[in-house]
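Q: The structure is given below, and queries will be raised subsequently.
The values are calculated or read from the model by the stated rules, or taken from the named source; none is laboratory data. Because the structure is a prediction, the values reported are computed rather than measured. With ideal geometry, Cβ positions are generated from the backbone for all residues, glycine too; neighbour counts draw on all protein chains shown. SASA here: full protein model, heavy atoms, side chains in, ligands and nucleic acids out. Shrake-Rupley method; radii C 1.70, N 1.55, O 1.52, S 1.80 Å.
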Protein chains: 2
Amino acid sequence: MDSTWTTWAGEQPRLGGSTLAMLQRLLGPLTPTEAAPIESAIVRPSALSQGALDRLCGALGTDGVLVDDRSRAEHSGAQSYADIVRRRRGDTSAAPDAVLLPADADAVQRALEVCTAERITVVPWGGGTSVVGGLDALRGDGVALVALDLRRLNHLLEVDTNSRTATFQPGIRTPAAEAALAEHGFTLGHVPQSYERASLGGYVVTRSAGQASSGYGRIDDLVVGLRLATPSGELVLPSMPGSAAGPDLRRLVLGSEGTLGVVTEVTLRVRPIPATKRYEGWMVPSWDRGLEALRTLAQRRDHPDVTRLSDPDETQISLALSGSGGLTRRLLSTYLRRRGVAGGCLVVVGFEGDDNDVRHRRRATRRVLRSAGGVSLGKRAGRSWEHGRFRGPRLRDAMLDAGVLAETLETANTWRGLPETYDAVRRALQASLGKAVVGCHVSHLYETGASLYFTVLAAADQRREIEQWNAAKLAANDAIVRTGATITHHHAVGTVHRDHVSAELGDVGVAALRAVKRQLDPAGILNPGKLLP
Amino acid sequence: MDSTWTTWAGEQPRLGGSTLAMLQRLLGPLTPTEAAPIESAIVRPSALSQGALDRLCGALGTDGVLVDDRSRAEHSGAQSYADIVRRRRGDTSAAPDAVLLPADADAVQRALEVCTAERITVVPWGGGTSVVGGLDALRGDGVALVALDLRRLNHLLEVDTNSRTATFQPGIRTPAAEAALAEHGFTLGHVPQSYERASLGGYVVTRSAGQASSGYGRIDDLVVGLRLATPSGELVLPSMPGSAAGPDLRRLVLGSEGTLGVVTEVTLRVRPIPATKRYEGWMVPSWDRGLEALRTLAQRRDHPDVTRLSDPDETQISLALSGSGGLTRRLLSTYLRRRGVAGGCLVVVGFEGDDNDVRHRRRATRRVLRSAGGVSLGKRAGRSWEHGRFRGPRLRDAMLDAGVLAETLETANTWRGLPETYDAVRRALQASLGKAVVGCHVSHLYETGASLYFTVLAAADQRREIEQWNAAKLAANDAIVRTGATITHHHAVGTVHRDHVSAELGDVGVAALRAVKRQLDPAGILNPGKLLP
């Protein structure tokens, strides 16, 4: 946990004067707001009975059960726009009645037993970075609610250097996991925007993708073994390279969002730390030609590990917000105009591997981008993206301070369906928000399709912020489902996609998941109101 | 269905005199046997009531319900050693009471409704190539049993050339599927040994791997969309390149072995027909060095599409059985002795792609094999393997004619665990069968481990053939589980691995699958006795 209240550990960036001026030009008048300090947050008295509290302390030790206001307030929400708005208002009505800190897998199992017996709702917590309401304190039928924070289960347990797998506890955050792996010469290569805070267990239960998914694979592809504590006992799925022993139950845990059990151990594929990393920027003349180039790359064996295409609006905003000074920017725009790609789309490609491998794939990629009319912006543009890649979430509080609604949403579709989804979602967001900036990029490529990631900026409608965004989000969700795209590519379902999940899994699919839920969690204590409609 | 009784359509190979002499030298005295002709098979009277038969005919049309003895006899077993032995004895006690031939997905759904109402057990049939008892006519609680043969659902429905996916009906066999795809310039690249007869739906529900799994991916990786008819309604999972909308329910259908529903449509990734195919043979000095080389290849990005390493025993048998005449064989063995790899292990590597890609990967592969002490045997050895790749199943009747027990089994483990599993399974089989030949190859490579495929030859213990093999198989299963390997890498569970599946999925995992089963098939009509213990 961070000691800061609203957002992320470390430096909190502010918006510069020119950025603010640009935002006002694009979005209209903005009303700055201020966040309430955490000290001002008062949480409701804990609903836990003394008996239940005693049993929990018996199961976890007294240092394993936190009931102080600050710990509870810190678990009153995660990172969705609504979460942030509520916290900024000092609204901690959603705080859990206690925060549990199990020290090991057995303690997690004991906690689930006590909570089942006492009918206490459990919300499992990793890094607290859900942007879909996955950590909302929905009480279901429980008489009280606890956050089960896995921060003490934060160790690398084993590395099998031969088989290239590593076994972790679920609460370890990515930087710590990478540091521990680096001692063995390995890396996970899993780099979502939440990298700095998200936990490995969180990745598993939300089906995280990671910006380098084309190279290293989604978390779905990295998981080879699992242990899951459930109210009905432990599910242990050993590490197997490949199997036909019935349906792969690892895939039932992946994406289960804490509704079926709590991951207590995960074994993941790891790769040697690459000798060479090379990121570079390109500009292509248009979104359509960019998409065509990305499809060509995705369907080749020698594709980049990271590939990212921004649409014209996101490209303009990126260039405007980039650190480069006015002169550099003017020179760049002259250069792009001369090369015929002014007003075009930014592409970032990244390669990680040994020298020979990187050289081979880079050559192939350059050929594809050039025949799409692409112009190289060189290593500097790539590095600039790489260095700023975790900046987005950090900027959100600064945006809200300035009176800007700032939120993202994402989906994926087949290559055939992608253009229609892109148009429909943009139109839906614009129609709902009025004077808004909607940027989009493609950042996860598959042979059969790709993701779309939308960033939305609008003047916040003060005191109706949450309703304002909910209406826009609902319009986008409807557009996504209508065009046959997935309701979420890597943010998971949580509460904000819950009502659209039947469109994708069908009533029969939802019923099948409910049946598993009843079997593993018969009392329904685990994360009610998430995932399943 | 084939018109032949015991085995495979087309040419039936016989064993040559020198092969027979070699087998007798290796296995001891052999007693030839003869298979009963299908005409001599008498099946029991159908247990279907006239009322049930009328309802089925109403649902499927009279041409959709076969009750003649021959059709029933042809569905009395698949391709396990026990199945073949029973058929050779003319034992058709396991014949279904009728064979249903639905014409489309709706007819499948109607058939399930009638069978649920009438409590008729349903065994879904694709190509009939299960080697694990997956099609055994186990009646469960049903009053009668039908084989639901999907042979009329055999069409390619749609190709999305942009997204590189193709939608098929489940009963289409691989050669027909490939022929239909070839008209669009595409291939599935899914090439298991059962290729000639197996159906696409069968691949899905048994989690087939395919010999080129390193290049094209297992069927698990190829499935992007599915329709499943279940007694509780239809499960429709649309084509998605990637998603985080809850657990991936496609993976619940993959490996479900007809216990949860009947696949009525599947959308698979397809690839352009490769411009170049290059297969070549190598000899490496030992099993250990071969394994090390394979691990190096599997953990590189530029690996072959097919990689296969035979152990010394399988290598010897392969060379002895190979078509090459005596002189060629003598020259080869002289050459190998001179190069220091006599008594070594055969490696086959295959590459499919465009010229540039094949050249790049071939160069990398040659480097790895050379530094493992490998010696190239050239294209001819590769081609010889490629041409003989479907021969194994065809040889089985000839083996049984000659009095030879011939069966295979397979598993997979991490690179770290592989040597121990290899030793333990070989020892278990040898101890159970006495004078037997046990050959093994690795043929499916992953970054984290690989498969082991054992071929067993022994003198058949006449009239106790099935018991003789069951004892050996049980010993092998125990060795597999004891050494932490998977009970099956790509043959699926069926009946023969059913009692070992809890060791892998755990009691909690099995209970979760049972819960799904109860939800989708509340009357328990679908393939009882398979998959779940």
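Q: Looking at (1) in a loop (DSSP other than H, G, I, E, B); (2) at pLDDT below 85, which is the one condition that is false for residue A:303?
A: (2)
A quick yes/no check of all residues on (1) under 16 Å from residue A:136 (Cα atoms); (2) among the small types (Gly, Ala, Ser):
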| position | (1), (2) |
| --- | --- |
| A:72 | yes, no |
| A:99 | yes, no |
| A:107 | no, yes |
| A:113 | no, no |
| A:119 | no, no |
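Q: Exactly one condition in (1) open to solvent by 30 Å² or more (accessible area, probe 1.4 Å); (2) touching a helix residue (DSSP H, G or I) at 6+ places or on another chain (Cβ under 6 Å); (3) assigned to a strand (DSSP E or B) is false for residue A:195; which is it?
A: (3)
Q: Shifting gears a bit: Hey, does region A:88-106 have a residue that's within 20 Å of the chain's Cα centre (by Cα) and either surrounded by fewer than 18 Cβ atoms within 10 Å (Cβ to Cβ) or of a type in the set (Val, Ile, Thr) (or both)?
A: No, the conditions are met nowhere in region A:88-106.
Q: When you scan region A:490-521, how many residues do you find that are facing chain B (nearest Cβ under 7 Å), over 22 Å from the mean Cα position of the chain (by Cα) and among the β-branched types (Val, Ile, Thr)?
A: Going through region A:490-521 one residue at a time, the tally reaches 2.
Q: Within the group B:433, B:429, B:531, which residue is facing another protein chain (nearest Cβ under 10 Å) and either open to solvent by less than 20 Å² (accessible area, probe 1.4 Å) or not charged (D, E, K, R) (or both)?
A: Selected residue: B:531, the only one of B:433, B:429, B:531 that is facing another protein chain (nearest Cβ under 10 Å) and either open to solvent by less than 20 Å² (accessible area, probe 1.4 Å) or not charged (D, E, K, R) (or both).
Q: Suppose we filter region A:456-489 for residues that are away from every other protein chain (no Cβ under 14 Å) and of a type in the set (S, T, N, Q); how many remain?
A: Looking only at that region, the number is 3.
Q: For region A:458-505: of the residues being closer than 21 Å to residue A:430 by Cα and acidic (Asp, Glu), which is most open to solvent (accessible area, probe 1.4 Å)?
A: A:467
Q: Out of the residues in region A:243-278 that are without any contact (Cβ under 8 Å) to a residue 24 or more places away in the chain and on the phi < 0 side of the Ramachandran plot, state the one that is surrounded by the fewest Cβ atoms within 10 Å (Cβ to Cβ).
A: A:248
Q: What single numbered condition from (1) charged (D, E, K, R); (2) touching a helix residue (DSSP H, G or I) at 6+ places or on another chain (Cβ under 8 Å); (3) closer than 30 Å to residue B:351 by Cα fails to hold for residue B:118?
A: Residue B:118 satisfies every listed condition except (3).
Table: residues versus (1) among the aromatic types (Phe, Trp, Tyr); (2) within 30 Å of residue A:12 (Cα to Cα); (3) outside any helix (DSSP H, G or I).
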| residue | (1), (2), (3) |
| --- | --- |
| A:331 | no, no, no |
| A:357 | no, no, no |
| A:381 | no, yes, no |
| A:412 | no, no, yes |
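Matching residues to (1) out of contact with any Pro (no Cβ under 9 Å at 6 or more places or on another chain); (2) without any contact (Cβ under 8 Å) to a residue 24 or more places away in the chain:
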| position | (1), (2) |
| --- | --- |
| A:356 | yes, yes |
| A:359 | yes, yes |
| A:362 | no, no |
| A:369 | yes, no |
| A:375 | no, no |
| A:380 | yes, no |
| A:386 | yes, no |
| A:398 | no, no |
| A:401 | no, no |
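Q: It is to be established whether one or more residues within region A:44-60 are among the polar types (S, T, N, Q), surrounded by fewer than 17 Cβ atoms within 10 Å (Cβ to Cβ), at pLDDT 95 or above and not in a loop (DSSP other than H, G, I, E, B).
A: The answer is yes; a qualifying residue exists.
Q: Is one or more of the residues making up region A:35-43 in a helix (DSSP H, G or I) and of a type outside the set (S, T, N, Q)?
A: Yes.
Q: Here's another thing I want to ask about it. Can you find even one residue in region A:359-374 that is modelled with pLDDT of 95 or more, touching a Cys at 6+ places or on another chain (Cβ under 6 Å) and not in a helix (DSSP H, G or I)?
A: No, there is no match, as no residue in region A:359-374 is modelled with pLDDT of 95 or more, touching a Cys at 6+ places or on another chain (Cβ under 6 Å) and not in a helix (DSSP H, G or I).
Q: Among the helices (runs of 4 or more DSSP H) confined wholly to region A:418-533, which include 1 or more residues that are in contact with a helix residue (DSSP H, G or I) (Cβ under 8 Å, 6 or more places away or on another chain), without any contact (Cβ under 8 Å) to a residue 40 or more places away in the chain and over 30 Å from residue A:284 (Cβ atoms)?
A: Those helices (runs of 4 or more DSSP H) span A:465-482, A:502-520.
Q: Now a separate question. So how many residues does region A:269-292 have that are touching a strand residue (DSSP E or B) at 6+ places or on another chain (Cβ under 6 Å) and of a type in the set (A, V, I, L, M)?
A: Going through region A:269-292 one residue at a time, the tally reaches 4.
Q: Between a residue in region A:207-223 that is touching a residue at least 60 places away in the same chain (Cβ under 8 Å) and any residue that is open to solvent by less than 20 Å² (accessible area, probe 1.4 Å) and assigned to a helix (DSSP H, G or I), which pairs come within a Cβ distance under 6 Å, given they are 6 or more apart or on different chains?
A: A:207/A:220; A:208/A:219
Q: Report every pair of residues separated by at least 6 positions or lying on different chains whose Cβ atoms are under 8 Å apart, first residue within region B:49-60 and more than 13 Å from residue B:111 (Cβ to Cβ), second open to solvent by 60 Å² or more (accessible area, probe 1.4 Å) and aliphatic (A, V, I, L, M).
A: Hits for this filter: B:49/B:143.
Q: Pick from A:318, A:310, A:324, A:286: which is hydroxyl-bearing (Ser, Thr, Tyr), at pLDDT 90 or above and open to solvent by 10 Å² or more (accessible area, probe 1.4 Å)?
A: Going through A:318, A:310, A:324, A:286 in turn, the sole match is A:286.
Q: Follow-up question, since we're still on this one. Would you pick out the residues in region B:198-210 that are open to solvent by 20 Å² or more (accessible area, probe 1.4 Å) and away from every other protein chain (no Cβ under 11 Å)?
A: B:202
Q: Right, something else. Which residue is most open to solvent (accessible area, probe 1.4 Å), if the candidates are limited to region A:227-236 and must be under 30 Å from residue B:452 (Cα atoms) and more than 7 Å from chain B (Cβ to nearest Cβ)?
A: In this case the residue turns out to be A:227.
Q: Looking for whichever is surrounded by fewer than 23 Cβ atoms within 10 Å (Cβ to Cβ) and assigned to a strand (DSSP E or B) here; the options are A:281, A:340. Which one fits?
A: A:281
Q: Looking at (1) open to solvent by less than 10 Å² (accessible area, probe 1.4 Å); (2) farther than 29 Å from residue B:65 by Cα; (3) not polar (S, T, N, Q), which is the only condition residue B:186 fails?
A: Result: residue B:186 fails condition (1) only.
Q: From the list A:301, A:380, exactly one residue is within 18 Å of residue A:212 (Cβ to Cβ), basic (Lys, Arg), out of contact with any His (no Cβ under 8 Å at 6 or more places or on another chain) and open to solvent by 70 Å² or more (accessible area, probe 1.4 Å). Which is it?
A: That would be A:301, the only listed residue that is within 18 Å of residue A:212 (Cβ to Cβ), basic (Lys, Arg), out of contact with any His (no Cβ under 8 Å at 6 or more places or on another chain) and open to solvent by 70 Å² or more (accessible area, probe 1.4 Å).
Q: Which ones in region B:107-120 are without any contact (Cβ under 8 Å) to a residue 60 or more places away in the chain and open to solvent by 40 Å² or more (accessible area, probe 1.4 Å)?
A: Hit for region B:107-120 is B:110, nothing else.
Q: Any chance region B:442-455 includes a residue that's within 21 Å of residue B:256 (Cα to Cα), acidic (Asp, Glu), within 14 Å of chain A (Cβ to nearest Cβ) and open to solvent by 20 Å² or more (accessible area, probe 1.4 Å)?
A: no
Q: Quick one: would you say residue B:296 is surrounded by fewer than 24 Cβ atoms within 10 Å (Cβ to Cβ) and among the polar types (S, T, N, Q)?
A: yes
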